[in-house]
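Asks: Please see the structure below; I have some questions.
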């Protein structure tokens, strides 16, 4: 049922829901909260590190101070039990007309005794004590109250919500019903209801995922591949001609891949390589072997910047050969894309490199033999298979690369449909990046270190977790950071900002300028996390480092130290004694870091980035819910082996969705 079924849903809110990928009532009721407010209203103002809830009376007119573009402060005087104090809240100018004298308002935030000011992060009206309030990720213009109202209405419509957990497992684990779980997850009365709902919904999501993985794994064992013929001597000559020596791990992984290509079994291999371990050259050798066999190859990257970088690298590696290489990205003009499509179909292109544009239905290969996906965790099972299916016989070899070094046992579970190779050792020409944790009070030391790098004409990355955040006391916005850096370096060096809200063309232009050395300091969100190669960048400065997972910090640090120059990473944090951050100081081994991250179980997902494709989980977290994942995997294997799924309508449909099983 479409969301148009909702009462009083205007076109504006419909568009906003669509922006959150909510198109049906089923999407709406499975759009889960990411946290809860446990409202316990206090009658006294006390200074504490915890957020408090206070019902106060507005005593004065509201004032709005516009500090700079997209940043304002709203303030007024309020009273609690005849005690008057100032209230300040950021970026809520739109509430001014709702805040009238003598009106009661619930203040959510922290009280500062020395300034007698309540710094609010939210204001609410008509809220009862001891309420549990679900908090959702919103989009600009969509109010929490409206989203909650729509979810409540959808649940009251008693729409059919399928339960994917087999009856036998529901009984075995005494799970509550799916309908009750959805009611509890959105409108819980107590913590126990939240626990029951989460356990049910997380298990279901992971069970379905592991069913897919294990089912595909079984199919892959039976599928015949393309037995490729090529000369190992020519491969060895190509490797010997490279301007650097390959590591033992690289050579072992190449051997695995070449054996797969020569085998009649279809290759379905994942290469897990640490940051800077040299996965790209492994892919290059695979592409060369595939070309020698007379087949075409498709190489998919998650971003245009990374696709272009791979394109330039391959042009350089294959400059002494007759291999025809082409780039295909979403930003290309329609006519340019169509020319590439025609050349692929006519086998005038041997290797095509691109983004999700490679999934376009119009692309037909003359003789596709190999599909490579870079940054494996960005692409789901179905997306990989869409590429495989570009070959009508559906026997294409698949090689996936990931710069996320995760524990092998963990990888074998979540990538159970693939063979795994690991590259741990790094090329000797690369120096280890020295990492230091600094407090905000020690920023002068960091600025001095930056100055020394700039004097040597080196370049610097600065990363801040958010673009603009309302909790201004907690996070530095990249805009404010630029102002500070311009001031610190007296505008003598070019400093620019890159972030997720910029158009792709603007991002590409900035990265090109940074590559050319015209930009000396690039301030960024994590859009620079994966794969970008700027050899002259020798320093990474990360603000609010405690807000990131170790996997993300390690990926970010990997953007520097990509040459033989001494390189540095500064982690600026309010928590200088943070145990997780100290792991970054003591090691540059991504596999060790991932093990420690796993042990410490810090917040943020294991991959450090949000997965996409059908690796997106609405409620499960692959890391925090690892025990449930293992149980779901075992149960899914048993369910497949029992053949019960063949009588289950939902699982028949699920199998049909797996593209290459058609």
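The values are calculated or read from the model by the stated rules, or taken from the named source; none is laboratory data. All of these numbers come straight from a predicted model, not from anything done at the bench. Don't worry about glycine lacking a Cβ; one is built from the backbone with ideal geometry, like all the others, and counts go over all protein chains shown.
Asks: Restricting to the range 302-330, count the residues that are surrounded by 13 or more Cβ atoms within 10 Å (Cβ to Cβ), out of contact with any strand residue (DSSP E or B) (no Cβ under 6 Å at 6 or more places or on another chain) and either assigned to a loop (DSSP other than H, G, I, E, B) or not assigned by TED's automatic domain parsing to the domain that holds residue 279 (or both).
Replies: Selection size over the range 302-330: 7.
Asks: Then there's this: Just to be sure, is residue 275 buried (at least 19 other Cβ atoms within 10 Å of the Cβ) and either assigned by TED's automatic domain parsing to the domain that holds residue 506 or not in a helix (DSSP H, G or I) (or both)?
Replies: Yes, satisfied.
Asks: Looking at the range 549-565, I want the residues that are farther than 17 Å from residue 597 by Cα and have a partner that is outside any loop (DSSP other than H, G, I, E, B) and at pLDDT below 85 with Cβ atoms under 7 Å, at least 6 apart or on another chain. Which pairs are those?
Replies: So the pair list comes out as 559/528.
Asks: Could you tell me whether residue 198 is out of contact with any strand residue (DSSP E or B) (no Cβ under 8 Å at 6 or more places or on another chain), within 22 Å of residue 652 (Cβ to Cβ) and not assigned by TED's automatic domain parsing to the domain that holds residue 24?
Replies: The answer is no for residue 198.
Asks: Restricting attention to strands (runs of 3 or more DSSP E) lying wholly within the range 1-73, give those where 1 or more residues are over 30 Å from residue 156 (Cα atoms) and in contact with a strand residue (DSSP E or B) (Cβ under 6 Å, 6 or more places away or on another chain).
Replies: Where strands (runs of 3 or more DSSP E) fall fully within the range 1-73 and carry at least 1 residues being over 30 Å from residue 156 (Cα atoms) and in contact with a strand residue (DSSP E or B) (Cβ under 6 Å, 6 or more places away or on another chain), they are 52-58, 63-68.
Asks: Next up: Residue 201 passes all but one of (1) buried (at least 22 other Cβ atoms within 10 Å of the Cβ); (2) in contact with a helix residue (DSSP H, G or I) (Cβ under 8 Å, 6 or more places away or on another chain); (3) modelled with pLDDT under 95; which number fails?
Replies: Exception for residue 201: condition (3).
Asks: Could you name every one of the helices (runs of 4 or more DSSP H) located completely within the range 563-646 that has at least 3 residues being out of contact with any helix residue (DSSP H, G or I) (no Cβ under 6 Å at 6 or more places or on another chain) and at pLDDT below 85?
Replies: In the range 563-646, the matching helices (runs of 4 or more DSSP H) lie at 590-600.
Asks: Just to be sure before I move on: is residue 29 within 30 Å of residue 182 (Cβ to Cβ), surrounded by 17 or more Cβ atoms within 10 Å (Cβ to Cβ) and within 38 Å of the chain's Cα centre (by Cα) in the structure I sent?
Replies: yes
Asks: Is there a residue being part of a loop (DSSP other than H, G, I, E, B), modelled with pLDDT of 85 or more and more than 19 Å from the chain's Cα centre (by Cα) anywhere in the range 463-484?
Replies: For the range 463-484, residues part of a loop (DSSP other than H, G, I, E, B), modelled with pLDDT of 85 or more and more than 19 Å from the chain's Cα centre (by Cα): absent.
Asks: Please tell me if residue 443 is in contact with a strand residue (DSSP E or B) (Cβ under 6 Å, 6 or more places away or on another chain), assigned by TED's automatic domain parsing to the domain that holds residue 545 and either in contact (Cβ under 8 Å) with a residue 60 or more places away in the chain or surrounded by 14 or more Cβ atoms within 10 Å (Cβ to Cβ) (or both).
Replies: no
Asks: Filter the range 86-130 down to residues that are under 36 Å from the mean Cα position of the chain (by Cα), within 25 Å of residue 185 (Cα to Cα) and exposed (fewer than 14 other Cβ atoms within 10 Å of the Cβ), then give me how many there are.
Replies: 2
Asks: Give the residue, chosen from 522, 487, that is more than 19 Å from the chain's Cα centre (by Cα), assigned to a helix (DSSP H, G or I) and modelled with pLDDT of 90 or more.
Replies: On inspection, the qualifying residue turns out to be 487.
Asks: Shifting gears a bit: Looking only at the range 547-562, which residues are in a helix (DSSP H, G or I) and under 16 Å from residue 522 (Cα atoms)?
Replies: Answer for the range 547-562, where residues must be in a helix (DSSP H, G or I) and under 16 Å from residue 522 (Cα atoms): 556, 557.
Asks: Just checking, which of 116, 121, 55 is at pLDDT 95 or above and not assigned by TED's automatic domain parsing to the domain that holds residue 189?
Replies: From the options 116, 121, 55, the qualifying one is 116.
Asks: Please determine whether any residue of the range 408-425 is closer than 30 Å to residue 571 by Cα, at pLDDT below 90, more than 22 Å from the chain's Cα centre (by Cα) and in a loop (DSSP other than H, G, I, E, B).
Replies: yes
Asks: Taking residue 347 as the residue in question, decide whether it is surrounded by fewer than 20 Cβ atoms within 10 Å (Cβ to Cβ), under 21 Å from residue 293 (Cα atoms) and out of contact with any helix residue (DSSP H, G or I) (no Cβ under 8 Å at 6 or more places or on another chain).
Replies: yes
Asks: Quick check on residue 226: is it assigned to a loop (DSSP other than H, G, I, E, B) and buried (at least 19 other Cβ atoms within 10 Å of the Cβ)?
Replies: Here the answer is yes, as residue 226 does meet what is asked.
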